[in-house]
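Below: the structure, in structure tokens.
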Amino acid sequence: MNTLLILLSLLFTPPESIYNFSFKTIDGKEVKLSKFKGKKILIVNTASKCGYTPQYEDLEKLHKQYGKDVVLIGFPAGNFGGQELSTNAEIQDFCKKNFGVTFLLSEKVSVKGEDINPLFKYLTSAKNPDFTGDINWNFEKFLINEKGELVHRFRSKVTPLSPELTKNL
């Protein structure tokens with residue numbers, strides 16, 4: 001019986017850090033987050049047809065200003081009012097054409113609900129000094145430190161270049 005419990009606990013043990021995850025880029029390449037050990041990572045759930053969509057401009061500026069030390073990854077999602085385009089190709093074209101996006105974008109994912117992406121399940125339940133729980137809307141931001149730990153979480157209204165966020169970079 002003890003052996004069975006140990007095996008079950010191993011199967012259901014949550015990941016210890018973000019480095020246990022990988023994602024597919026918007027053009028289909030697999031990227032392990034462990035590739036970014038030693039750098040901060042800013043993860044943002046994005047959408048192309050949202051009131052916060054203009055934040056793409058500041059995300060790109062942040063990427064250009066802090067890109068040597070901070071890896072920025074946008075995760076397009078249509079969980080909130082279906083405000084994301086249908087295909088990865090449409091999303092990629094929109095981001096490049098309208099905002100000149102050069103930072104990493106993942107393929108379209110789900111950040112909430114039954115089909116939540118495992119990375120976002122981890123991020124929304126990981127302890128941090130701000131808050132835990134479901135994402136409320138598009139453009140929430142998760143700041144990961146150089147050790148792979150979630151250290152700050154910012155709601156949508158916190159803009160990418162706000163002192164509240166940048167003082168942590």
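The values are calculated or read from the model by the stated rules, or taken from the named source; none is laboratory data. It should be emphasised that the depicted structure is a prediction, and the values quoted were computed from it without experimental measurement. We place every Cβ from the backbone using ideal geometry, glycine too, and count neighbours over all the protein chains shown.
Observations on the structure shown:
- Pick from region 53-73, criterion in a strand (DSSP E or B) and in contact with a helix residue (DSSP H, G or I) (Cβ under 7 Å, 6 or more places away or on another chain), ranking: surrounded by the most Cβ atoms within 10 Å (Cβ to Cβ): LEU72
- Condition met for GLY148 (part of a loop (DSSP other than H, G, I, E, B) and closer than 19 Å to VAL31 by Cβ): yes
- Positions within region 85-114 being in a loop (DSSP other than H, G, I, E, B) and either exposed (fewer than 13 other Cβ atoms within 10 Å of the Cβ) or not polar (S, T, N, Q) (or both), in sequence order: LEU85, SER86, THR87, GLY100, VAL101, PHE103, GLU107, LYS108, VAL111, LYS112, GLY113, GLU114
- Any hit, region 32-41, residues being closer than 24 Å to ASN145 by Cβ, in contact with a Leu (Cβ under 7 Å, 6 or more places away or on another chain), at pLDDT 95 or above and part of a helix (DSSP H, G or I): no
- Restricting region 119-169 to residues that are exposed (fewer than 14 other Cβ atoms within 10 Å of the Cβ) and under 15 Å from the mean Cα position of the chain (by Cα), the residue that is farthest from THR53 (Cα to Cα): SER125
- When region 104-135 is filtered for residues that are more than 22 Å from SER86 (Cα to Cα) and hydrophobic (A, V, I, L, M, F, W, C), the ones remaining, listed by number, are LEU123, ALA126, PHE131.
- Qualifying residue in region 2-16 (condition: surrounded by fewer than 19 Cβ atoms within 10 Å (Cβ to Cβ), over 17 Å from SER106 (Cβ atoms), modelled with pLDDT of 95 or more and of a type in the set (Phe, Trp, Tyr)): no
- Tally of residues being in contact with a helix residue (DSSP H, G or I) (Cβ under 9 Å, 6 or more places away or on another chain) and among the basic types (Lys, Arg) across region 108-146: 3
- Test: residue in region 123-146 that is among the aliphatic types (A, V, I, L, M) and without any contact (Cβ under 8 Å) to a residue 12 or more places away in the chain: no
- Only a single item in (1) more than 20 Å from GLY38 (Cα to Cα); (2) outside any helix (DSSP H, G or I); (3) β-branched (Val, Ile, Thr) is not met by THR124, and it is number (2).
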